[in-house]
Every structure is written in structure tokens, then in C-alpha cells.
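All remarks here apply to the structure that follows.
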Amino acid sequence: MADIEIRLERLEQLYDLLDPAPFRDKALDRAAEAYLLECAEDAPGDEPLRLRVCVPPALVAREAEVAGAVHAHFEWLWARADKRRAARARMHRFAMLLGVVVLLAALGLRGLFAEGGGIAEVLREGLLILGWVALWRPVEWVLFDTWEHRQRRSALKRLATAEVRLVDG
């Protein structure tokens with residue numbers, strides 16, 4: 001189990017003070033969220049996380065409230081990220097299809113300029129470059145961006161199910 005430790009003088013440091021929701025459903029402070037997410041992404045593998053919140057002794061009894069707020073916040077973020085993933089997947093499929101169509105059209109048009117030199121050669125090479133550039137971004141999305149988003153969603157899910165302990169600190 002990977003430990004993430006955070007120290008607080010008062011619980012209000014953990015919450016977004018502009019959020020009017022009841023305590024249990026409060027959104028976390030953006031700085032706290034960013035810190036926890038960065039730590040979760042740095043934690044090795046897919047092992048479970050344990051969040052140790054060091055607080056003054058009088059606040060240790062509020063562990064269930066804090067755990068509920070942390071879990072609800074990161075579950076909500078994970079659900080939003082998963083919804084965006086599905087929308088991006090549809091867009092990526094369309095972009096890949098469009099890129100392949102542009103590539104095939106460019107390769108087909110190159111045949112029109114098979115004869116001749118000078119300008120015809122420039123047009124043939126330009127069409128070839130256009131065809132491959134049309135695939136550049138869709139391939140980048142599929143091969144690289146998808147991996148990064150998968151890691152982020154994994155970290156969010158691990159935080160949504162992390163063991164939360166308030167300890168005297």
C-alpha cells in the first residue's frame with residue numbers, strides 16, 4: 001500500500017471554501033486536489049493508496065467525514081474523466097478515418113502528376129506530405145495521449161477508493 005501524507009492545521013484547508021455544498025460533499029481545495037493527484041500518479045503500480053492526514057488531536061474523530069468527502073470528490077472527478085474519455089474516443093475514431101481518407105485521396109491525386117518534372121514533382125511531393133500530415137494528430141492521440149489520460153483516470157480511481165486515516169500530527 002502506498003502512503004500519501006498531508007498535514008493540516010484545520011480541516012478547512014482541505015476544502016474549497018467557495019463550495020456551498022454540505023460538509024460531506026464538499027469539493028476539495030484545488031491545491032490539495034493537485035497535490036493528492038500528483039502523489040497518486042507518482043505512487044508505484046496499481047497498488048492501493050492510503051491517505052494519512054495529520055491533524056490536531058481534536059480533529060481525529062472527524063475521519064469518516066473527511067474520508068467521505070475525499071472519496072466523493074475523486075469519484076466525481078473520475079466519472080467526469082471517464083465521460084470525456086468516451087467523447088474523445090469517438091472524436092479520435094472520426095479523426096483517424098478522416099486522416100486515412102485524406103491520405104488515400106492525396107495518394108490517388110499523385111497519380112495525376114506522374115508525368116512531367118518541376119511543378120508536377122513539387123505537387124506530387126506536396127500531396128504525399130499532406131496525406132501523412134493528415135494522419136499525424138490522430139495517430140498521436142491514439143498512441144500517446146490515450147496513455148496519459150489512462151494514467152490520470154487510474155490515479156483518480158485509486159484516490160476515490162483510498163484508505164483515509166486522520167492521525168494525530
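The values are calculated or read from the model by the stated rules, or taken from the named source; none is laboratory data. All values derive from a computational prediction rather than experimental measurement. Quick reminder, even Gly has a Cβ in these numbers, built from the backbone with ideal geometry, and neighbours come from all protein chains shown.
Brief remarks follow.
- For beta carbons closer than 8 Å, sequence separation of 6+ or different chains, a first residue in region 140-169 that is acidic (D, E) and a second that is modelled with pLDDT of 90 or more and surrounded by 19 or more Cβ atoms within 10 Å (Cβ to Cβ), the qualifying pairs are E163/L49; E163/L51; D168/V55.
- Flag for E115 being acidic (D, E) and either touching a residue at least 24 places away in the same chain (Cβ under 8 Å) or not in a helix (DSSP H, G or I) (or both): yes
- E140 being farther than 17 Å from L36 by Cα, part of a helix (DSSP H, G or I) and of a type outside the set (G, A, S): yes
- For the condition part of a helix (DSSP H, G or I) and either of a type outside the set (F, W, Y) or farther than 30 Å from R7 by Cβ (or both), R80 qualifies.
- Restricting the first member to region 77-88 and to residues that are surrounded by 12 or more Cβ atoms within 10 Å (Cβ to Cβ), and the second to residues that are hydrophobic (A, V, I, L, M, F, W, C), the beta-carbon pairs closer than 8 Å and six or more apart or on different chains are L77/L156; L77/A160; W78/L156; W78/A160; A81/L156; R88/W141.
- Verdict on A69 being of a type outside the set (V, I, T), surrounded by fewer than 14 Cβ atoms within 10 Å (Cβ to Cβ) and part of a helix (DSSP H, G or I): no
- Index of the failed condition, A61 passing every other in (1) surrounded by 12 or more Cβ atoms within 10 Å (Cβ to Cβ); (2) in contact with a strand residue (DSSP E or B) (Cβ under 9 Å, 6 or more places away or on another chain): (1)
- Exactly one residue out of L112, L130 is over 22 Å from the mean Cα position of the chain (by Cα), outside the structural domain of Y35 (by TED's automatic domain parsing) and either within 21 Å of Q151 (Cβ to Cβ) or loosely packed, with under 14 Cβ neighbours inside 10 Å (or both): that is L112.
- Residue check, H92 closer than 25 Å to L156 by Cα, touching a strand residue (DSSP E or B) at 6+ places or on another chain (Cβ under 8 Å) and either modelled with pLDDT of 90 or more or not polar (S, T, N, Q) (or both): no
- Residue match in region 25-34 (condition: surrounded by 14 or more Cβ atoms within 10 Å (Cβ to Cβ), at pLDDT below 95, assigned by TED's automatic domain parsing to the domain that holds E75 and out of contact with any Leu (no Cβ under 9 Å at 6 or more places or on another chain)): no
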